[in-house]
Amino acid sequence: MIPDIAPTGSHSISSINSLMKSNFNIKLYVLLPLTLIVSAILWFLPLECFGIEGLTELQQRTMAVFAFAALMWLFEIIAPWATSVTTIVILLFAVSDKGFVSPDDGVAVGYREILSSFADPVIMLFLGGFVLAICANKVGIDKYLARTMLRVFGTRPHFILLGLLLVNGVFSMFMSNTATAAMMLAFLAPMLAKMPEQGNGRVALALAIPIAANIGGLGTPIGTPPNAIALGQLAKMGCDIGFGTWMTHMVPYVLVMLLISWGLLLLLYPMSNDSMTLEIEVPKTFSRDFWIVAVVFPVTIILWLTGKLTHIDSNIVALIPFAVFAITGVFTSSDFGKVDWHILWMVAGGFALGTSLNQTGLADTLVRSIPFASWSAWVLILGAGMLIYLLSTFISNSSAASLLMPMLAVIDTAMADKMSVLGGSGSLLIYVAICCSLAMTLPISTPPNAIACATGLVKTKDMVKVGVAIGIVGALVGFLMIKLFPMVPA
């Protein structure tokens with residue numbers, strides 16, 4: 001087992017408890033009332049006070065609901081998924097054609113359009129990815145693949161570090177980065193316990209896990225929620241990006257960043273061991289379910305990558321493993337509880353807001369009223385990337401993406417001509433999705449960070465040092481990528 005580093009005394013524990021209680025009180029008695037007051041002001045303020053020509057009452061209500069959702073996500077007053085569900089319910093009553101609206105209020109949103117956010121094609125893509133990952137873990141194919149892939153890197157410590165980065169990165173493209181980080185750290189535990197406590201090698205290996213998990217998620221549309229949120233907003237803009245197209249652009253970026261991370265870790269935390277062995281136990285015999293998953297998994301990936309040849313939409317392909325595993329009994333009713341439903345509902349809330357912005361006409365009204373033409377595309381894309389990086393450092397990247405991407409989609413559309421010099425329309429959202437996953441500066445930034453810090457091997461200063469460096473380099477490399485190799489043709 002990895003040695004636990006306990007807090008230094010009961011005073012630290014009581015301080016943490018007091019801080020948690022204090023935060024709870026601030027949320028309940030300060031931040032929640034503030035959110036409700038701001039939302040109410042935006043809802044009831046006379047239309048002429050906004051100074052926006054053509055603003056309707058339903059558009060005003062949409063602004064108020066958007067502010068409510070944004071502040072609830074930002075302050076994390078309740079769980080992010082709960083904010084999403086609450087937002088959808090408010091939209092159904094406030095701006096849908098079956099809610100409390102009249103013809104004089106403006107253009108209402110079809111209630112089916114709002115409800116369909118729960119079953120958006122991107123949601124189905126993510127659901128299929130979750131089922132695929134759950135079944136791979138259930139039959140042990142993830143452990144088998146990890147052992148097989150890591151054996152290639154031998155026993156030299158610096159190559160094992162590279163192997164951990166690459167293998168963990170690949171796994172995070174198709175599995176939850178939290179589950180991947182937990183699994184890889186469990187594999188590492190016996191080896192870390194044998195390493196010298198004074199050496200830097202243990203720190204490098206422990207840091208490699210969250211770094212690879214966070215960066216690796218960028219490789220596929222199902223790797224991390226911000227990818228799905230960006231794709232959903234891009235689809236509403238008329239930019240349909242396939243699974244294969246995303247991977248063609250993002251996998252090289254991931255590989256470059258993992259190699260840079262490898263060099264950075266070796267530079268900051270050089271290995272002192274001459275050799276080490278990573279032992280991973282796998283079943284001696286393979287079950288029927290193992291072989292079913294072993295066949296369906298690669299077939300699904302191949303169909304995702306060959307969408308342009310087969311003309312089968314990647315969102316439809318994602319349901320193939322769901323159906324096959326359900327029919328064969330690999331995925332059972334008890335496995336439904338393992339699906340990350342909170343992420344699906346979280347993403348749905350962002351989609352519902354985007355639908356309401358467009359259907360009520362608020363997006364067009366803002367485009368006409370705000371002088372986007374005078375904005376600099378360079379300043380906008382770098383500023384948006386920095387903003388979401390800072391937000392994702394302190395709140396979940398799913399919340400940050402749901403908060404900003406609907407409005408950034410409006411701006412991206414309005415500045416389509418100017419954005420052509422930086423990869424064309426859609427490049428803003430893609431860059432923002434990249435910056436979301438680069439935010440790994442603090443233990444609270446991502447679940448893999450928290451898991452790594454919980455081992456006691458990684459200090460906050462180590463995470464800040466490495467996280468800031470990777471964030472800066474990753475943002476620059478990402479910027480060059482969307483500029484030189486645009487995912488959406490101009």
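The values are calculated or read from the model by the stated rules, or taken from the named source; none is laboratory data. Keep in mind it's a predicted model, so treat the numbers as computed, not measured. Quick reminder, even Gly has a Cβ in these numbers, built from the backbone with ideal geometry, and neighbours come from all protein chains shown.
When region 235-257 is filtered for residues that are surrounded by 23 or more Cβ atoms within 10 Å (Cβ to Cβ) and in contact with a Leu (Cβ under 6 Å, 6 or more places away or on another chain), the ones remaining, listed by number, are MET250, VAL254. Residues in region 406-413 include none that are among the hydroxyl-bearing types (Ser, Thr, Tyr), closer than 24 Å to SER261 by Cα and surrounded by fewer than 24 Cβ atoms within 10 Å (Cβ to Cβ). Looking at (1) surrounded by fewer than 14 Cβ atoms within 10 Å (Cβ to Cβ); (2) more than 28 Å from the chain's Cα centre (by Cα); (3) not assigned by TED's automatic domain parsing to the domain that holds LEU162, find the lone condition where SER272 falls short. Going through the list (1) surrounded by fewer than 14 Cβ atoms within 10 Å (Cβ to Cβ); (2) more than 28 Å from the chain's Cα centre (by Cα); (3) not assigned by TED's automatic domain parsing to the domain that holds LEU162, SER272 breaks only (3).
Give region 151-174 a look and list any residue that's under 21 Å from LEU218 (Cα atoms) and of a type in the set (A, V, I, L, M), or say none.
Residues of region 151-174 under 21 Å from LEU218 (Cα atoms): 161-174.
Once the filter is applied, which keeps residues that are under 21 Å from LEU218 (Cα atoms) and of a type in the set (A, V, I, L, M), region 151-174 yields LEU161, LEU162, LEU164, LEU165, LEU166, VAL167, VAL170, MET173.
Quick test of your reading of the structure: GLY456 fulfils all but one of (1) touching a helix residue (DSSP H, G or I) at 6+ places or on another chain (Cβ under 8 Å); (2) part of a loop (DSSP other than H, G, I, E, B). Name the failing condition by number. In the conditions (1) touching a helix residue (DSSP H, G or I) at 6+ places or on another chain (Cβ under 8 Å); (2) part of a loop (DSSP other than H, G, I, E, B), GLY456 misses (1) alone. Mind checking which residues of region 440-484 are within 21 Å of GLY263 (Cβ to Cβ), in contact (Cβ under 8 Å) with a residue 60 or more places away in the chain and among the aliphatic types (A, V, I, L, M)? The answer is MET440, ALA452, LEU457, VAL458, MET463, VAL466, ALA469, ILE470, VAL473, ALA475, VAL477, MET481.
Assess whether VAL317 counts as being within 30 Å of ALA475 (Cβ to Cβ), in contact with a Gly (Cβ under 9 Å, 6 or more places away or on another chain) and at pLDDT 90 or above. Give the steps one after another, and end with the answer.
Values: within 30 Å of ALA475 (Cβ to Cβ): no; in contact with a Gly (Cβ under 9 Å, 6 or more places away or on another chain): yes; at pLDDT 90 or above: yes.
When the stated conditions are applied, VAL317 does not pass them.
The helices (runs of 4 or more DSSP H) falling completely within region 97-202 that include 2 or more residues that are free of Cβ contacts under 8 Å to residues at least 60 places away in the same chain, among the aromatic types (Phe, Trp, Tyr) and in the same structural domain as ALA228 (by TED's automatic domain parsing) map to 157-174.
Apart from one condition, ALA363 fits all of (1) at pLDDT 90 or above; (2) farther than 17 Å from GLY129 by Cβ; (3) small (Gly, Ala, Ser); the exception is (1). Of everything listed in (1) free of Cβ contacts under 8 Å to residues at least 40 places away in the same chain; (2) farther than 21 Å from ASP120 by Cβ, the single unmet condition for GLY238 is (2). For region 92-146, a residue qualifies if it is hydroxyl-bearing (Ser, Thr, Tyr) and at pLDDT below 90, and the qualifying residues are SER102, TYR144. Pairs linking a residue in region 411-430 that is in the same structural domain as ILE381 (by TED's automatic domain parsing) to a residue that is among the β-branched types (Val, Ile, Thr) and not in a helix (DSSP H, G or I), with Cβ atoms under 8 Å and 6 or more positions apart or on different chains, are ALA414/ILE370; GLY423/VAL488; GLY424/VAL488; SER425/VAL488; GLY426/ILE241; GLY426/VAL488; SER427/VAL488; ILE430/VAL488.
Just to be sure before I move on: is LEU366 in contact (Cβ under 8 Å) with a residue 40 or more places away in the chain, in a helix (DSSP H, G or I) and in contact with a Phe, Trp or Tyr (Cβ under 8 Å, 6 or more places away or on another chain) in the structure I sent? No.
Could you check how many residues of region 275-296 are assigned to a helix (DSSP H, G or I) and loosely packed, with under 13 Cβ neighbours inside 10 Å?
Pass one, region 275-296, residues assigned to a helix (DSSP H, G or I): 288-296.
Next, only the ones that are loosely packed, with under 13 Cβ neighbours inside 10 Å stay: 288, 291, 295.
Count: 3.
THR355 falls short of the stated requirement of being more than 25 Å from TRP81 (Cα to Cα), in a helix (DSSP H, G or I) and modelled with pLDDT under 95.
Report yes if ILE302 is without any contact (Cβ under 8 Å) to a residue 12 or more places away in the chain, assigned to a helix (DSSP H, G or I) and either in the same structural domain as THR83 (by TED's automatic domain parsing) or within 16 Å of PRO221 (Cα to Cα) (or both), otherwise no. Yes, satisfied. Of everything in region 446-490 that is at pLDDT below 85 and under 30 Å from GLY242 (Cβ atoms), the residue that is farthest from the chain's Cα centre (by Cα) is ALA490.
From the list MET257, MET237, the lone residue that is within 20 Å of ALA400 (Cβ to Cβ) and at pLDDT 95 or above is MET257. Within region 283-295, restricting attention to residues that are of a type in the set (A, V, I, L, M, F, W, C) and out of contact with any Ser or Thr (no Cβ under 9 Å at 6 or more places or on another chain), which residue is modelled with the lowest pLDDT? Checked region 283-295; the qualifying residue modelled with the lowest pLDDT is PHE286.
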